[in-house]
Amino acid sequence: MHSYDEPVYLISVVASILDIHPQTLRQYEKEGLIEPSRTQGRMRLYSQRDIDKIKFVLQLTRKMGINLAGVDVILKLKKQMDAMSSEINDLREELSKVNRNGSVPTNKSVVTTTNYDIIIFKE
C-alpha cells in the first residue's frame with residue numbers, strides 16, 4: 001500500500017479516475033493549482049493527496065461555478081487557514097505545558113485575553 005503523499009499515478013490514470021482530459025490536469029498545473037511530482041524522465045506522477053486536491057478543484061469549478069482564478073484564491077486561503085490552525089494548536093499545546101508547570105519560561109510572556117485567545121511573545 002502506498003502512502004497518501006507518495007506519487008504513484010500517471011497522468012493518464014488520474015485523468016481516467018476523475019473522468020477528465022489529461023489536458024485539464026496540465027492546465028491546472030500551468031495555473032499553479034497542483035504540483036505533481038516528476039520522474040527523472042519528467043513524467044508527471046500524482047499522489048492520492050494530489051487526486052483529492054483535484055477533486056476539490058473540480059467540485060469548485062463544476063458544482064459551484066468558480067473560475068480558476070477564484071479557485072486559486074480559495075486554495076491559497078485554505079492553505080493559510082490550515083497553517084494558522086496548526087499554529088493555534090501548537091500554541092494551545094505550549095500553553096497547556098505552561099499551565100501544568102505553573103510557570104512561564106523566562107524567554108516568553110503569556111497573555112490570555114479570553115478563554116480562546118492566546119498571545120505568546122518571544123524575545
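The values are calculated or read from the model by the stated rules, or taken from the named source; none is laboratory data. From a predicted model like this one, the values you see are computed outputs, not experimental measurements. Here Cβ is always computed from backbone atoms with ideal geometry, including for glycine, and neighbour counts include all displayed protein chains.
So that you can scan it fast, the table gives a plain yes or no per residue for (1) of a type in the set (K, R); (2) exposed (fewer than 12 other Cβ atoms within 10 Å of the Cβ); (3) over 16 Å from the mean Cα position of the chain (by Cα):
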position	(1), (2), (3)
D5	no, yes, no
S12	no, yes, yes
A15	no, no, yes
Y46	no, no, no
I51	no, no, no
V57	no, no, no
G70	no, no, yes
E87	no, yes, no
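To keep it simple, each residue is scored yes or no on (1) outside the structural domain of L18 (by TED's automatic domain parsing); (2) modelled with pLDDT of 65 or more; (3) in contact with a strand residue (DSSP E or B) (Cβ under 8 Å, 6 or more places away or on another chain); (4) not in a loop (DSSP other than H, G, I, E, B).
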position: R49; (1), (2), (3), (4): no, yes, no, yes
position: F56; (1), (2), (3), (4): no, yes, no, yes
position: T61; (1), (2), (3), (4): no, yes, no, yes
position: L77; (1), (2), (3), (4): yes, yes, no, yes
position: D90; (1), (2), (3), (4): yes, yes, no, yes
position: E94; (1), (2), (3), (4): yes, yes, yes, yes
position: I119; (1), (2), (3), (4): yes, no, yes, yes
